[in-house]
Amino acid sequence: STPQMEGELALTDTAFRDMRVGDGRLQFTMGESQWRWELGLDSGVRAFGTAPLALDRPIEAEVVATDLDLPPYLRALRQRLPFPLMVRADGSARLITGLSNFRDLSGRIELAALRCQGAATPCQLRAPGGVTVDAGSVRFDSLDLVGPGLSVTVKGKVRPGERTDLELTGHAPFPLVEPWVPAVAGIRGTPKVRVSLVGPPGKLRVDGRAE
């Protein structure tokens with residue numbers, strides 16, 4: 001008969017590429033033909049799924065996040081922003097990956113809610129949205145963020161730890177624009193903006209304009 005085995009691992013200050021995953025616990029059970037596992041992170045992420053016994057085929061996972069703090073996963077972007085950024089998300093995902101540094105990670109993330117605040121301007125998703133994960137890249141087809149004087153659409157993709165290619169277009173209040181362009185200090189209104197964030201970690205280039 002096939003031996004049975006189960007166990008649990010404690011994760012402490014775990015990191016993946018330039019993302020800090022944090023603390024949590026991984027529980028696993030070996031059955032007749034596969035591993036069953038469940039991961040719980042203190043950050044609010046819970047994931048579970050199966051893996052082939054010999055780990056010679058892709059791993060399937062379902063992920064649920066509640067009030068997930070996103071900035072630790074966006075370190076390169078956070079370091080270039082001229083103001084503190086708060087982003088918390090609720091959502092779920094179905095993902096599949098091999099074990100080759102997760103470069104073949106693919107699937108779909110469904111965002112039920114997103115709560116943000118930057119430069120004292122709060123915002124949220126206009127409606128639930130989806131994000132595609134393909135070959136390790138996270139692609140934003142179109143996410144609409146709204147708030148007081150704010151209405152922007154986010155498009156592009158991010159390859160965690162490697163490259164960011166994002167574009168934000170729409171209207172934003174001057175408190176968000178002022179840190180980038182100090183000359184507009186004291187002006188009120190909601191100018192039309194277009195901002196691009198492109199490059200690898202440490203060399204992220206931010207370009208934009210406000211009309």
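The values are calculated or read from the model by the stated rules, or taken from the named source; none is laboratory data. All values reported here derive from a predicted model rather than from experimental measurement. Here the Cβ positions follow ideal geometry from the backbone for every residue, glycine too, while neighbour counts run over all protein chains shown. We work out accessible area using only protein heavy atoms, side chains counted, and drop any ligands, DNA or RNA first. Shrake-Rupley method; radii C 1.70, N 1.55, O 1.52, S 1.80 Å.
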Subset of region 103-114 (residues that are surrounded by fewer than 16 Cβ atoms within 10 Å (Cβ to Cβ) and either closer than 18 Å to Leu70 by Cβ or touching a residue at least 60 places away in the same chain (Cβ under 8 Å) (or both)): Arg108, Glu110, Ala112, Ala113
Quick test for you: out of Phe174, Phe140, pick the one residue that is open to solvent by 40 Å² or more (accessible area, probe 1.4 Å) and of a type in the set (Phe, Trp, Tyr). Phe140
Just checking, does region 121-130 include any residue being over 20 Å from Asp90 (Cβ atoms) and surrounded by fewer than 18 Cβ atoms within 10 Å (Cβ to Cβ)? yes
Within the bounds of region 72-83, is there any residue that is at pLDDT 75 or above and open to solvent by 20 Å² or more (accessible area, probe 1.4 Å)? no
